[in-house]
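This report refers to the structure that appears directly beneath it.
The numbers here are math on the coordinates, done by the rules we state, and not lab data. This one's a predicted model, so the numbers in the text were calculated from it and none came from an experiment. Virtual Cβ from ideal backbone geometry, glycine too; neighbours counted across all protein chains shown.
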Amino acid sequence: MSLFWSIVPFGAVMSELNEVSPYRECDFQGVHLLVTPTGSGKARIERVLSPYPQDYLRPYLQPGTEIPYPGD
């Protein structure tokens, strides 16, 4: 059990707990990515989540690139 002690109201500090994140994790061509769905079957790459350095050097996996995304 943890204790939260602050002069700031609990609701102000923990208000982010109820928010839904726009980010989704997916695999694209064998690489794990963090993406933001943009609609119409596409998503924008936000972050590469790979332990392999060569994945970060692939130009088609740069953040901001749109990739096909099947959605939820």
- For Tyr69, enumerate residues with amide H under 5 Å from its amide H, sequence gap 5+ or separate chain, H modeled in the peptide plane. Lys42, Ala43
- Message: Using a 7 Å offset from the Cα along the Cα-to-Cβ direction at both Ala12 and Ser40, what is the distance between the two label points in nm, to one decimal?
- Response: 4.3 nm
- Message: List the GluC sites (Glu not before Pro) within region 1-67 that DSSP assigns to loop and that have no more than 11 neighbouring Cβ atoms inside 10 Å.
- Response: Glu19
- Note on the structure: Most exposed to least, judged by fewest other Cβ atoms within 10 Å, Asp55, Asp27 sort to Asp27, Asp55
- Query: Percentage of Cα-Cα pair distances in the chain greater than 18 Å, rounded to whole percent?
  - Reply: 51 percent
- Tell me, Leu57, Leu49, Leu3, Leu34 in order of fewest to most beta-carbon neighbours within 10 Å? Leu3, Leu57, Leu49, Leu34
- Message: Could you tell me the calculated FRET efficiency between His32 and Ser2, based on Cβ-Cβ distance and R0 = 30 angstrom, to the nearest 0.05?
- Response: 0.50
